[in-house]
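First up is the structure itself, then whatever we jot down about it.
Just so it is clear, none of the values below were taken in a lab; they were calculated from the coordinates. Quantities reported herein were computed from a predicted structural model and do not represent experimental measurements. Reconstructed Cβ throughout: ideal geometry from the backbone, glycine too, with neighbour counts over all protein chains shown.
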Amino acid sequence: MINLYEVTETNNMIEKENLDVRTITLGISLMDCVDSDLNRLNDKIYQKIYEAAKDLVKTGEEIAREFGIPIVNKRISVTPIALVGGAACRSEEDFVSIARTLDRVAHEVGVNFLGGYSALVSKGMTAADELLIRSIPQALAATERVCSSVNVGSTRTGINMDAVKLMGEVILQTAEHTREADSLGCAKLVVFCNAPDDNPFMAGAFHGVTEADRVINVGVSGPGVVKTALEKVRGESFEVLCETIKKTAFKVTRVGQLVAKEASKLLGVPFGIVDLSLAPTPAIGDSVADILCEIGLEYAGAPGTTAALALLNDQVKKGGVMASSYVGGLSGAFIPVSEDQGMIDAVTAGALSLEKLEAMTCVCSVGLDMIAIPGDTKATTISGIIADEMAIGMVNQKTTAVRVIPVIGKGVGESVEFGGLLGHAPIMQVNPFSCDAFINRGGRIPAPIHSFKN
Amino acid sequence: MKKTIITVVGKDTVGIIARVCTYLAGNGINILDISQTIVQGYFNMMMIVDTNPTDKNFGDMADELGRLGEEIGVVIKCQKEEIFDQMHRI
């Protein structure tokens, strides 16, 4: 039977170490909403999402209460809208009308984000894909809760450099369209390589076409729990360090598995996956960078950071995989800058640069995330940053992403406040040298060879 | 059997267990196990209870116990057993 020590340990994790379930994300297929008439399409989308998700928030709160574990976000992901809207949308405004519908239904059912204003263009763009991508700046300015993502490359197809070039421009335009809010629109826009179909985390969540009609995916969180566990093994060998991370990750993931199964049962929707990512928040003690420091670095970004992150990421997966019957999504440590107080401190102290962050993304999930850069950064430079990150994902057969925020009207030395889970960030220096000629070539980078690994 | 874990944490005072047990008995909730310690003057108790016989719903029970805790000056939490089982048992 459960004993007092175990109960106290669990409750300390929840109350003192910020253990929570970061998100229950309900994936909804919109393929059966496809219609050539825009009004009918919008109506069908609204109805389908409303019917599927009307009890989501209530159910999440009920589960949180029964187990005494906070469930921070209840969210929705939908089929990439470029696929759903292709038959009906003839202009950018047509796509924006769908974004407004998504925003309206997100408000109605009470979720804080809805992802899937997306296009998958890793090899080429259809007319609809391109229209959707070009409509992103307007769509993100006109809505509050809609998140957008574009997959521009994969290990199997290579990198669509036309899309990479376009995304550099789209990110800048999105920043311009939302300049009043410190270019906040860009915080809701992610560019992916090897985007997973079942990611529950925003802004990159969408409901892949290989998924069932509806599915429940859950993302757990627990950087604070890992850090506290590591405080007890200071000075011990790597073996002890790794074992401690693994055991802690197991416990954290079990909570996610429990919540996912319960949500699946109560909503009558199949359980998809648990995403094992260590997701930080700006709250004190909820930081991945702090774990790196606890492993033995003065600041995240110091020499040794990539190795420390690699071992952290791997041990989290090893512990988590056994704790859940299905693991998926991004599953690794997130290293967003603005959402992690330890990362912000490292940037402010001069310990962490964009280039070091890029190196770190080679060994952990996602990529250059929530990084504020000067508002006068050129579109081609942003495309260059994207291309570098996509290349890392393509060659290493992993998901990588870029979510940078060119803050219009601000430069290096200033900082930007997004509020809430999105946090605040110092604006980071970008390499000033040009890559115009590289980006302007056009076409695709071919898929990499899958043999002769080295 | 549906088991619930009730934890009571706070400054030690006379009659904490009595008041909690009176509430549980009044609502037909059977206590299966109690363990309790005092650490540096702080009262720390865990009860495993069987909520099957009661027709009270979980939320109401948790609210009422929470309010009782406020009256006594301690924090009372109710959680379904599964969260602990999942985390600490393979």
Check: For peptide A:7-17, how many partner chain Cβ atoms fall within 10 Å of a residue's Cβ, on average?
Finding: 4
Next item on the list: Nearest 5 is fine: what % of DSSP beta bridges in the range A:221-442 come out antiparallel, could you say?
Entry: 25 percent
Next item on the list: Determine the calculated [θ] at 222 nm for chain A from helices alone, applying -39500 (n - 2.57) to every DSSP H run no shorter than 4 residues and normalising by the residue count; nearest 500 deg cm²/dmol.
Entry: -14000 deg cm²/dmol
Next item on the list: Using a cut-off of under 14 Å, list every residue of the range A:137-152 whose amide N is near the label point 7 Å from the Cα of A:Ala181 along the Cα-to-beta-carbon line.
Entry: A:137-148
Checklist line | Per DSSP, loop trypsin sites (Lys or Arg not before Pro) in the range A:224-255 with at most 11 further Cβ within 10 Å | finding: A:Lys232, A:Arg234
Check: Where nothing but the Cβ of Lys and Arg (+1) and of Asp and Glu (-1) is charged, how large is the charge dipole of the protein assembly as shown around its Cα centre, in debye to the nearest 20?
Finding: 860 debye
Note to self: 5 Å is the cut-off here: which amide hydrogens, built 1.01 Å from N in the peptide plane, fall below it relative to B:Val75, excluding neighbours closer than 5 in sequence?
What the structure shows: B:Val9, B:Gly10
Notebook entry, point to check: Antiparallel as a % of all DSSP beta bridges within the range A:88-216, to the nearest 5?
Noted result: 15 percent
Next item on the list: For the range A:173-225 and the range A:23-39, compute the distance between their C-alpha centroids and round to whole Å.
Entry: 17 Å
Notebook entry, point to check: With charges only on Cβ, +1 for K and R and -1 for D and E, what is the dipole size of the range B:3-88 about its Cα centre, in debye, rounded to 20?
Noted result: 200 debye
Notebook entry, point to check: Most fluctuating residue of B:Asn30, B:Asn44, B:Asn57 in a GNM of chain B with Cα springs under 10 Å: which is it?
Noted result: B:Asn57
Next item on the list: With springs only between Cα atoms under 10 Å apart, run a GNM on chain B and tell me which of B:Leu68, B:Leu24, B:Leu32 wobbles the most.
Entry: B:Leu32
Check: HN-Hα J couplings of the range A:249-261 from phi, Karplus 6.51/-1.76/1.60, θ = phi - 60°, integer Hz, Gly and Pro as x?
Finding: 4, 4, 4, 4, 5, 4, 5, x, 4, 4, 5, 5, 5
Next item on the list: Just the number, please: percent antiparallel of the DSSP beta bridges in the protein assembly as shown, rounded to the nearest 5.
Entry: 55 percent
Check: What does the average come to when, for each residue of peptide B:75-82, you count the partner chain Cβ atoms lying within 10 Å of its Cβ?
Finding: 5
Next item on the list: Just tell me which aspartates and glutamates come within less than 16 Å, Cα to Cα, of A:Lys232; anything on the same chain fewer than 8 places away is out.
Entry: A:Glu9, A:Glu17, A:Glu243, A:Asp290, A:Glu294
Next item on the list: Please arrange A:Glu231, B:Glu82, A:Glu389 by counting, for each residue, the other beta carbons lying within 10 Å of its beta carbon, fewest first.
Entry: A:Glu231, B:Glu82, A:Glu389
Checklist line | Rounded Å value of the spacing that divides the Cα centres of the range A:347-380 and the range A:226-281 | finding: 26 Å
Check: Can you pick out the pairs among A:Lys48/A:Lys251; A:Lys16/B:Lys80; A:Lys48/B:Lys3; A:Lys54/A:Lys317 whose Cα atoms lie more than 26 Å from each other?
Finding: A:Lys48/A:Lys251; A:Lys48/B:Lys3; A:Lys54/A:Lys317
Checklist line | Calculated FRET efficiency for the pair B:Asp85/B:Val14, C-beta based, R₀ 35 Å, to 0.05 | finding: 0.55
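In deg cm²/dmol, rounded to 500, what helix-only [θ] at 222 nm does chain B give when every DSSP H run of at least 4 residues adds -39500 (n - 2.57) and the total is split over its residues?
-11000 deg cm²/dmol
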Notebook entry, point to check: ³J(HN,Hα) across the range A:70-78 via Karplus (A = 6.51, B = -1.76, C = 1.60, θ = phi - 60°), whole Hz, x for Gly/Pro?
Noted result: x, 10, 5, 10, 10, 9, 10, 10, 10
Notebook entry, point to check: Taking square-rooted eigenvalues a ≥ b ≥ c of the alpha carbon gyration tensor, is chain A rounded, prolate or oblate, where a/c under 1.5 means rounded and, failing that, a/b exceeding b/c means prolate?
Noted result: oblate
Notebook entry, point to check: From the phi of every residue in the range A:426-435, what ³J(HN,Hα) in whole Hz does the Karplus formula 6.51 cos²θ - 1.76 cosθ + 1.60 yield, where θ is phi - 60° and glycine or proline is x?
Noted result: x, 7, 9, 5, 10, 3, x, 7, 7, 10
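What ranking do A:Thr155, B:Thr37, A:Thr399 get, fewest neighbouring Cβ atoms within 10 angstrom at the top?
Ascending Cβ contact count within 10 Å gives the list B:Thr37, A:Thr155, A:Thr399.
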Check: Using the per-residue mean of other Cβ atoms lying within 10 Å as a proxy for protection, in what order, highest first, do the peptides A:116-127, A:40-51 fall?
Finding: A:116-127, A:40-51
Next item on the list: Might you report the magnitude of the Cβ-based charge dipole of the range A:221-442 about its Cα centre, with Lys and Arg at +1 and Asp and Glu at -1, to the nearest 20 debye?
Entry: 780 debye
Next item on the list: For each of A:Ser237, A:Ser383, A:Ser91, A:Ser97, count neighbouring Cβ atoms within 10 Å of the residue's Cβ, then give the residues from fewest to most.
Entry: A:Ser237, A:Ser91, A:Ser97, A:Ser383
Note to self: List the trypsin sites (Lys or Arg not before Pro) within the range A:371-454 that DSSP assigns to loop and that have no more than 15 neighbouring Cβ atoms inside 10 Å.
What the structure shows: A:Arg441, A:Lys453
Next item on the list: Mind listing the long-range amide H neighbours of A:Ala372? Cut-off is under 5 Å, sequence gap 5 or more, other chains count too, H placed in the peptide plane at 1.01 Å from N.
Entry: A:Ile405, A:Met428
